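Novice: Before I ask anything, let me first share the structure, which is written out below as C-alpha cells.
What follows is calculated from the coordinates using simple rules that are stated; it is not laboratory data. Quick caveat: nothing in here was measured; it's all calculated off a predicted structure. Note: ideal-geometry Cβ built from the backbone for every residue, glycine included; neighbour counts use all protein chains shown.
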Amino acid sequence: MQATATLILNKGEDRRLRAGHLWVFSNEVNVKRSSLTALEPGQVADVLDAGGKPLGTALVNPHSLICARLISRRPGRSPSKGFFLKRLEQALALREQLYPAPFYRLVFGESDGLPGLVIDRFGDVLVGQLNSAGMDARRELIEQALVELLAPRGILWRNDSGVRELEGLAREIIPGPGELPARVDVQEGELHFGLDLMNAQKTGWYFDQRANRERVVPMLAGCERVLDLYAYHGAWGLAAARAGAAEVICVDSSLPAVNAIRSNASANGLGQVQAVQDDAEALMDRLLADKQRFDAVLVDPPAFAPRARDVKPALKAYRRINEKALRLVKPGGLMVACSCSAHVHEERFADTIRQAARHIDRDVQRLMRLEQGPDHPVLPAIPETRYLKGELVRVLPSF
C-alpha cells in the first residue's frame, strides 16, 4: 500500500466536514490538484480544504461515491493496532456503562469513529462487518485489537452486506481468530433466543430495537391478539407473549427464521406463539379478506431504500403496507410501524402513517416516537447515523 497521500477539496466543500460529518464524496475532490484515480482502495490520505488547510486523516476508496472517510480530525494519523485499540476501548466504555450483560452493538461505524466497521457482541463471541475498503484492508489489525481488549472465544466476519458491493468488495463470510460455537444464546430481558450465526441475517441480531421493545411491550400486556410482521426470530412477538398477550402470530418469509421462532417460543415456554412462513403483504391481504382483526400489529420490514434514489418508491411501499396493517387493527388498538432506511427521514416516514390512516378513514394518536437504542449512538452531523425511526400509534375510527 502506498504512503500517505493528499486529497484537496474544491472550494466550499469543507463546510460539511467542519460541521462534524466524516464523508468526502468524489465530486467534492479537486481532481486536478489531487488525482483520486492514482490512489488505492483503503489507502490513508490527508484531506485538505481548497486553501491547503488540513481537515484530517481519511481512508480512501477512489471507486466509491463516498471516496474518503475521516478517521481523525488531525492529519498524519496512522490507523495502527494502537489506534484501533483506543477507539474500541472508548466504544466499550459506553456499552459497559449502559448494559449489565455483554450483549449489544459494540461498534457502530462512524458514530464510534470507525467508519465502515460494525461489531456486535454476544457474550464471548463477536460478529462484525467490514463495510468499507479502508476497514477491510485492516481486518488483521482490528482482530489483534479485539483479541487484546476482549479475548473473545471467537470472531466471525459476516461481510455479506450489499454495502460492500458499493465499495467494490466481495460478499463473503470469514471466520476470524478463535473458535465459533454452532449457536449462541442471546439474552433480552427474561427471554433467551438461540442464534445460528452462520445462517443469520446481517450480524445476527437486531439490537437496535431492544430499547423500543422495552418501552412498548408493557403496553401490549392486555392484548388478546398480536400480529408480528417481518418477525425474524420473533423478538417483538415473543416479548408481547411474555408480557401477557393471549395469542401472537409471527410472520416471516424465511423458513429458517420461522423455525427459529418456533424453537425460541418453545424454549421460553410461550405456547401462545404461532410462527407462519409467508409473505407479509400476501398474508395481510388474506387476513383482511377473512375480516380478522388484532389488538396490536407490529410492522418492522427490511430497508426499502438502501440508496437515496430509492426513497420515492420506498415511501409508497411503506404507505401501502402500513395502510393494510392499520386496517387490521381493532378500534382503539395499537400499531408499531418502523423503518430502518437511513435515507427515509423521520418526518417523511411519519407522514406516510398519517396519509395511510386518512386514506382509510382512520385517525391515529401518536403515543411514542421510536428510535435505535443507545448502543447505536447518533452523530448529529451525520443524519445517516439515525437510521431507525418508528411510531407507536393508537388507531381510532375517524373523529
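Novice: List the relative contact order of region 5-72 as a percent without decimals, with contacts defined as Cα pairs under 8 Å and 6+ residues apart.
Specialist: Once divided by the residue count of region 5-72, the mean separation gives 38 percent.
Novice: Quick one: Cα centre-to-centre distance for region 251-312 and region 161-233, in angstrom?
Specialist: 14 Å
Novice: Now for a different question. Run the dipole for the chain about the Cα centre, Lys and Arg Cβ at +1, Asp and Glu Cβ at -1, nothing else charged, and hand back the magnitude in debye, nearest 20.
Specialist: Dipole magnitude for the chain comes out near 1160 debye.
Novice: Straight-line reach from LYS11: which lysines have Cα under 24 Å away, leaving out those fewer than 8 places along the same chain?
Specialist: Those lysines meeting the cut-off are LYS32, LYS53.
Novice: Determine the gain in length on full extension of the stretch GLN97-ASN27; use 0.36 nm per residue of separation and subtract their C-alpha separation, reporting nm with one decimal.
Specialist: Extending this stretch completely gives an extra 21.2 nm.
Novice: With springs only between Cα atoms under 10 Å apart, run a GNM on the chain and tell me which of ASP136, ASP351, ASP46 wobbles the most.
Specialist: Maximum fluctuation in the GNM of the chain, among the listed residues, is at ASP351.
Novice: Please work out the FRET efficiency for the pair THR4 and GLU384, using the Cβ-Cβ distance as r and a Förster radius of 25 Å; give the result to the nearest 0.05.
Specialist: FRET efficiency, THR4 to GLU384: 0.40.
Novice: For the chain, modelled as a Gaussian network with Cα springs under 10 Å, which listed residue fluctuates most, ALA240, ALA314, ALA325?
Specialist: ALA314
Novice: Then there's this: Angle check, please: helix 81-98 long axis (alpha carbons) against the longest principal axis of the chain (alpha carbons), in degrees 0 to 90, nearest 10.
Specialist: 30 degrees
Novice: Could you pull out every one of the aspartates and glutamates with an alpha carbon less than 16 Å from that of LYS316, ignoring same-chain neighbours closer than 8 positions?
Specialist: Candidates past the 8-residue exclusion: GLU281, ASP300, GLU346, GLU347, ASP351.
Novice: State, as an integer percentage, the relative contact order of the chain based on alpha-carbon contacts under 8 Å between residues 6 or more apart.
Specialist: The normalised contact order for the chain reaches 11 percent.
Novice: Quick one: helix 255-267 against the long Cα principal axis of the chain, what's the angle to the nearest 10°, folded into 0 to 90?
Specialist: 70 degrees
Novice: Okay, next question. Suppose a student asked you for the relative contact order of region 206-397, using Cα pairs under 8 Å spaced at least 6 residues apart; what percent would you report?
Specialist: 20 percent
Novice: Among LYS324, LYS316, LYS389, whose mean-square fluctuation peaks in a Gaussian network model of the chain (Cα, cutoff 10 Å)?
Specialist: LYS316
Novice: By DSSP, what percent of the beta bridges with both residues in the chain are antiparallel, rounded to the nearest 5?
Specialist: Counting only bridges with both partners in the chain, antiparallel ones make up about 65 percent.
Novice: Then there is this: Would you mind telling me the antiparallel percentage of the DSSP bridges in region 206-397, rounded to 5?
Specialist: Antiparallel: roughly 45 percent of the beta bridges in region 206-397.
Novice: Angle, helix 311-328 long axis vs. longest principal axis of the chain, Cα atoms, 0 to 90°, nearest 10?
Specialist: 20 degrees
Novice: If each of ARG286 and GLN355 carries a label point 7 Å out from its Cα toward its Cβ, how far apart are those two points in nm?
Specialist: Going from the ARG286 label point to the GLN355 one covers 3.0 nm.
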